[in-house]
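The values are calculated or read from the model by the stated rules, or taken from the named source; none is laboratory data. Keep in mind that this is a model prediction, so the values were computed, not measured. Heads up, the Cβs are rebuilt from the backbone with ideal geometry, glycines too, and the neighbour counts pull from every protein chain shown.
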């Protein structure tokens, strides 16, 4: 079996190394890697931090404006992967096929986010990778004070910036 692609996410709180699962979520991984290769994630923030749930980032700048993304992708949440602690999943709206660039890292096993049926309520959230190194960084992100800013809740008081995301060997 070939080794999966790894991506290092460099943040102002430390580095996170993730492994992607293209055999389980080929569309999602291809989409994520296109954003990485275009340096899209640089200067975006972790804009939603909910302790004992997840940290979300990858689409907003420090002023909470959204970066322009590619078209939304088809959901692949029925791939057999679960929203367990340390996994990466795509953020989306209530519409299943609406994920673009934002992703989240599960802080605990969030089975209620898993796929249960091909319906609007049952699609769940597509897991496409897992943290290999830096879960301590993710856990530290989860402890920062949050507030409401520009109509968004759970925003860190002090921005946690993604400086760069890059594929590593």
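So the values come out like this:
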item: Of the criteria (1) under 14 Å from the mean Cα position of the chain (by Cα); (2) free of Cβ contacts under 8 Å to residues at least 60 places away in the same chain, which one residue 162 fails; result: (2)
item: Where a residue in the range 104-117 is part of a helix (DSSP H, G or I) and its partner, wherever it lies, is modelled with pLDDT of 95 or more and surrounded by 20 or more Cβ atoms within 10 Å (Cβ to Cβ), with Cβ under 6 Å and at least six apart; result: 113/83; 113/124; 113/125
item: Output for the range 85-103, where each listed residue is over 17 Å from residue 60 (Cα atoms) and either over 10 Å from the mean Cα position of the chain (by Cα) or assigned to a loop (DSSP other than H, G, I, E, B) (or both); result: 85, 86, 94, 95, 96, 97
item: Residue match in the range 6-21 (condition: at positive phi and part of a strand (DSSP E or B)); result: yes
item: In the range 118-135, the residues that are assigned to a loop (DSSP other than H, G, I, E, B) and touching a helix residue (DSSP H, G or I) at 6+ places or on another chain (Cβ under 6 Å); result: 123, 124, 125, 126
item: Residue list for the range 136-152, filter: touching a residue at least 40 places away in the same chain (Cβ under 8 Å), in contact with a strand residue (DSSP E or B) (Cβ under 9 Å, 6 or more places away or on another chain) and either outside any loop (DSSP other than H, G, I, E, B) or under 15 Å from residue 62 (Cβ atoms) (or both); result: 136, 137, 138, 140, 141, 144, 146, 149, 152
item: Residue within the range 2-24 that is farther than 14 Å from residue 73 by Cβ, out of contact with any strand residue (DSSP E or B) (no Cβ under 8 Å at 6 or more places or on another chain) and modelled with pLDDT under 95 present; result: yes
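For every residue, the table says whether it meets (1) crowded, with 17+ Cβ neighbours inside 10 Å; (2) assigned to a loop (DSSP other than H, G, I, E, B); (3) touching a residue at least 24 places away in the same chain (Cβ under 8 Å).
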position: 32; (1), (2), (3): yes, no, yes
position: 47; (1), (2), (3): yes, no, yes
position: 64; (1), (2), (3): no, yes, yes
position: 75; (1), (2), (3): yes, yes, yes
position: 83; (1), (2), (3): yes, yes, yes
